[in-house]
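Asker: Supplied in structure tokens, the structure appears directly below.
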Number of protein chains: 2
Amino acid sequence: MHPTLRTVADAAGVSIQTVSNILNAPHKVQRDTRDRVKAEILRQGYRPNRSARSLRQRRSGLLGFCVPRVGAGGSGVDDQFVHAVTGAAERAGYHVLLFTEEGEPAMGAYDALLGQRAVDGFILSSTTADDPRHEWLVGRRVPFASFGRRWADPEIGSWVDIDGAAGVALAVDHLAMRGHHRVAFIGWPAGSGVGDDRLSGFERSATANGMTVTDIERGENSHDTGARLARRLLDQPERPTAIVCVSDTMAVGCDSALRSAGMIPGHDVAITGFDDSVVASVPAVSLTTVRQPLPLAGDHVVRLLVAQLVEPAATIERVLLEPTLVVRASTSSTATPITSHLSDERKRQ
Amino acid sequence: MHPTLRTVADAAGVSIQTVSNILNAPHKVQRDTRDRVKAEILRQGYRPNRSARSLRQRRSGLLGFCVPRVGAGGSGVDDQFVHAVTGAAERAGYHVLLFTEEGEPAMGAYDALLGQRAVDGFILSSTTADDPRHEWLVGRRVPFASFGRRWADPEIGSWVDIDGAAGVALAVDHLAMRGHHRVAFIGWPAGSGVGDDRLSGFERSATANGMTVTDIERGENSHDTGARLARRLLDQPERPTAIVCVSDTMAVGCDSALRSAGMIPGHDVAITGFDDSVVASVPAVSLTTVRQPLPLAGDHVVRLLVAQLVEPAATIERVLLEPTLVVRASTSSTATPITSHLSDERKRQ
């Protein structure tokens, strides 16, 4: 038989109310009674029923987390973040309730969970530039913390984000150290927030290093687009010696375009990506890329949400984390004039 | 103000008990009262508090799901399964509660969730050959459904699995159609259940197609091991024309070993993988592989668990799903005698 408030109370010779007090307001109970009942609780292995505790404390102990959509990528990046969030929540005494956003209306899933008091707050991820969720939640005074800024209004709510501009700047600085002078960028369409941020890091660092930016190409995130944009960069009279990509997915497309053109990435033209996804470490690709501290981001996003649950007047906090560069074969050799179209021309003269 | 049992009761001019009856035992209430109160529930948008309902119904509405460990792989396969399980649970009226298995003792996390009545049952994944969880849960009469058989006792509990032997047989049949006669296998160490199952499909189909098995190599799942075992296969006097791998991870290592030896996978030696992970579709790899129907597996595993929750005497059910073959460049050309070491010898004679 499962231990309950009643079995503990009966064995300890006290009332159910006394056991409840010891759990919720121990200062109300005399020390000797308290010690006796606590020993009995331990002996029976009694644990409060979660639903009863939820009703009493007006909290569910659950953090709502919408499962990221399964993208064309499936980069394994989401795996890492979900795992980090689940572990951090447990260490703070919470569990994660997963839900999907499929179906209409837009905020329907959030509304339904709140209506049932099924969660105490939300962790947002896969945020978009003009994400509708932040304002909706702020308007209802629902605690939340976001992994990723809402770029259209970066002052809204608590968030944790990775400094994408700093990450791309690391890649460009590394290329400068390897002697590259002419660089190009393959990015996402303007307006994505995250993509614009990464591009700004490219421009900032290229300028600081006195490099020539041969071109900036933009398109949707896919292998095919990465390959198409890389071919366009390689077809120009002034070819770059290094191509900086906004994502590993784009970089992998770029890698295949180079190989199809008979070039060896890292030898003829350098490539960098962003994400350190599984494909970056594939030996046939071996991509220099920017790694995001996802476990740390998971810890912080849970901390920012729990702070609001414990103390409703908690200050809104923003955390910007620094990524690191992982160097692989795609930037292995130093840039030499011979890889440049212009230099070839000069040599022939 | 949030609608409650009381606001509905007051507006409809009935008692709280009457509203509660309409929600839980509507046959007890006269039709006209029932209609009036239901209209008021709709008008106010009242939804029962989840914790109150949980206490009343002795169910949490939550399915416990341990987040898969973040492996060296991070193949994106887990992403797809987690997403499928979450969606299927919602369609059945449940949510998924995520937890981790970190820390001791082994079943501690399961025990704690049950003790708090935090979940109604469990979905197991990442099952091992002698997984301790199945017997522990059966012994406590806890409903569960497993993605993956417990190979040491495949009769225990409800499970959904992918027919790995059939998947590898598809790959071998495809190689036979392309004219391959000499095949080798790169597998996992004996005893993993899943790996042994896949190997059995290789042996069955190779025999049925009258092929010569040049060798079977085994090792831990990694790029490096795949590359090392592939080199061993290629060093032998009778070289295979095709290498069948137990996983995409092994196949990617095999791919890099071939390229390092100056061979083109799919041209000089064919390679097949298993998983259709993200790396398989990378253009530089372009791997023929076996795709698992993960969304379907997610649907079934939730269905098997919910069946036990709705009807405790529900029959234990086992579902074996058929995978499919995805053909890419790594098996693009037909086997020709010239790729064979023995044939080379004969030509020289």
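The values are calculated or read from the model by the stated rules, or taken from the named source; none is laboratory data. All values derive from a computational prediction rather than experimental measurement. Here Cβ is always computed from backbone atoms with ideal geometry, including for glycine, and neighbour counts include all displayed protein chains. Keep in mind that these areas ignore ligands, DNA and RNA; they rest on the heavy atoms of the full protein, side chains included. Shrake-Rupley method; radii C 1.70, N 1.55, O 1.52, S 1.80 Å.
Asker: Give, as a single signed number, the net charge of other residues whose beta carbon lies under 9 Å from the beta carbon of B:Gln292, with Lys and Arg counted +1 and Asp and Glu -1.
Answerer: -1
Asker: For chain A, what is the accessible area per residue in Å² when the probe is 1.4 Å?
Answerer: 44
Asker: Over the alpha carbons of the protein assembly as shown, what is the largest minus smallest coordinate on each principal axis, giving the biggest first in Å?
Answerer: 95, 63, 57
Asker: Still on this structure, I have one more. So, by mean Cβ neighbours within 10 angstrom, what's the order for B:17-26, A:276-285, A:132-141, A:175-184 with the highest one leading?
Answerer: Listed from highest to lowest mean packing, they are A:276-285, A:175-184, B:17-26, A:132-141.
Asker: At 0.890 mPa s and 25 °C, plugging the Kirkwood radius over alpha-carbon pairs of the range A:193-349 into Stokes-Einstein gives what diffusion coefficient in µm²/s?
Answerer: Value of D from the Cα-based Kirkwood radius: 141 µm²/s.
Asker: Going by amide H atoms built from the backbone, whose H comes under 5 Å of the H on A:Gly266, apart from near neighbours?
Answerer: A:Ile271
Asker: How large, in Å, is the range B:154-280 by the Kirkwood hydrodynamic radius built from its alpha-carbon pairs?
Answerer: 14.5
Asker: How big is the antiparallel share of DSSP beta bridges in the protein assembly as shown, given as a percent to the nearest 5?
Answerer: 10
Asker: Ranking request for peptides B:207-214, A:228-235: highest mean number of other beta-carbon atoms within 10 Å first, then the rest in descending order.
Answerer: Order by mean packing, descending: A:228-235, B:207-214.
Asker: Shielding of A:259-265 by partners, i.e. mean partner chain Cβ atoms within 10 Å per residue?
Answerer: 1
Asker: Report, for B:Asp173, each distance to the same residue's label point in the other copies, shortest first and in nm; define the point 7 Å along Cα→Cβ.
Answerer: Nearest to farthest, the other copies are at 5.7 nm.
Asker: Which angle between 0 and 90 degrees, to the nearest 10, do you get for helix A:223-234 versus the longest principal axis of chain A when only C-alpha atoms count?
Answerer: Between helix and principal axis, roughly 30 degrees.
Asker: Now a separate question. What are the distances, in nm and sorted shortest first, from the label point of B:Ile16 to the label points of the same position in each other copy, with each label point placed 7 Å from Cα along the Cα-to-Cβ direction?
Answerer: Values, ascending and in nm: 1.6.
Asker: Each residue of the range A:28-44 in turn: what ³J(HN,Hα) in whole Hz from Karplus with 6.51, -1.76, 1.60 and θ = phi - 60°, glycine and Pro shown as x?
Answerer: Rounded to whole hertz, the list is 6, 10, 4, 4, 5, 4, 4, 4, 5, 5, 4, 4, 5, 4, 5, 4, 7.
Asker: Long-range amide H contacts for A:Gly121: which residues qualify at under 5 Å (H placed 1.01 Å from N, peptide plane, sequence gap of 5 or more or a different chain)?
Answerer: Distant-sequence amide H within range of A:Gly121: A:Gly64.
Asker: Going by alpha carbons, how many degrees (0 to 90, nearest 10) lie between the helix axis of B:164-177 and the longest principal axis of chain B?
Answerer: 40
Asker: Just to verify a number: FRET efficiency for A:Thr212 and A:Val327, C-beta to C-beta distance, R0 = 22 Å, to 0.05?
Answerer: So the FRET efficiency works out to roughly 0.45.
Asker: So what J values fall out for the range B:252-261 if you push phi through Karplus, 6.51 cos²θ - 1.76 cosθ + 1.60 with θ = phi - 60°, rounded to Hz, Gly and Pro as x?
Answerer: Here the 3J(HN,Hα) series is 5, x, 4, 4, 6, 5, 4, 5, 4, 8 Hz.
Asker: While we're looking at this one, here's another question. What is chain B's relative contact order, in percent, from Cα pairs under 8 angstrom and six or more apart in sequence?
Answerer: 16
Asker: Report the FRET efficiency, 1/(1 + (r/R0)^6), for B:Arg141 and A:Arg43, where r is their Cβ-Cβ distance and R0 is 22 Å, rounded to 0.05.
Answerer: Calculated transfer efficiency: 0.40.
Asker: Whenever you get a sec, compute what percent of the accessible area on the protein assembly as shown sits on carbon and sulfur atoms (1.4 Å probe).
Answerer: Summing carbon and sulfur atoms, their accessible area is 51 percent of the total for the protein assembly as shown.
Asker: What is the average number of partner chain Cβ atoms found within 10 Å of a Cβ in B:78-90?
Answerer: Neighbouring Cβ atoms belonging to other protein chains average 5 per residue here.
Asker: Then there is this: So in chain B, what percent of DSSP beta bridges are antiparallel if you round to the nearest 5?
Answerer: Antiparallel bridges make up about 10 percent of those DSSP assigns within chain B.
Asker: Let me ask something else. Using modelled backbone amide H atoms (1.01 Å from N, in-plane), which distant-in-sequence or interchain residues come within less than 5 Å of A:Arg239's amide H?
Answerer: So A:Arg239 has HN proximity to A:His341, A:Leu342.
Asker: Related question: If one takes the accessible area of chain A alone plus chain B alone and subtracts that of the pair, with a 1.4 Å probe, what total in Å², rounded to the nearest 100, results?
Answerer: 4500
Asker: In vacuo Debye scattering of the range B:109-189, one point per C-alpha: log10 I(q)/I(0) at q = 0.17, 0.18, 0.23 Å⁻¹?
Answerer: Results for the range B:109-189 at q = 0.17, 0.18, 0.23 Å⁻¹ read -0.75, -0.80, -1.07.
Asker: Taking the label point 7 Å from Cα in the Cβ direction, how far apart in nm is A:Pro154 from each other copy of itself, listed shortest first?
Answerer: Result for A:Pro154, in nm, nearest copy first: 5.6.
Asker: Ranked highest first by average number of other Cβ atoms within 10 Å, how do A:88-95, B:311-318 line up?
Answerer: Most protected by this proxy first, the peptides run A:88-95, B:311-318.
Asker: Let me ask something else. How many Cβ atoms of partner chains, on average, are near each residue of B:39-50 if near means within 10 Å of its Cβ?
Answerer: For this peptide, the per-residue mean of nearby foreign Cβ atoms is 3.
Asker: Return one quarter of the surface area of the convex hull spanned by the alpha-carbon atoms of chain B, equal to its mean projected area, in nm².
Answerer: 22.6
Asker: Between 0 and 90 degrees, rounded to the nearest ten: what's the tilt of helix B:194-208 against the longest Cα principal axis of chain B?
Answerer: Its long axis makes an angle of about 50 degrees.
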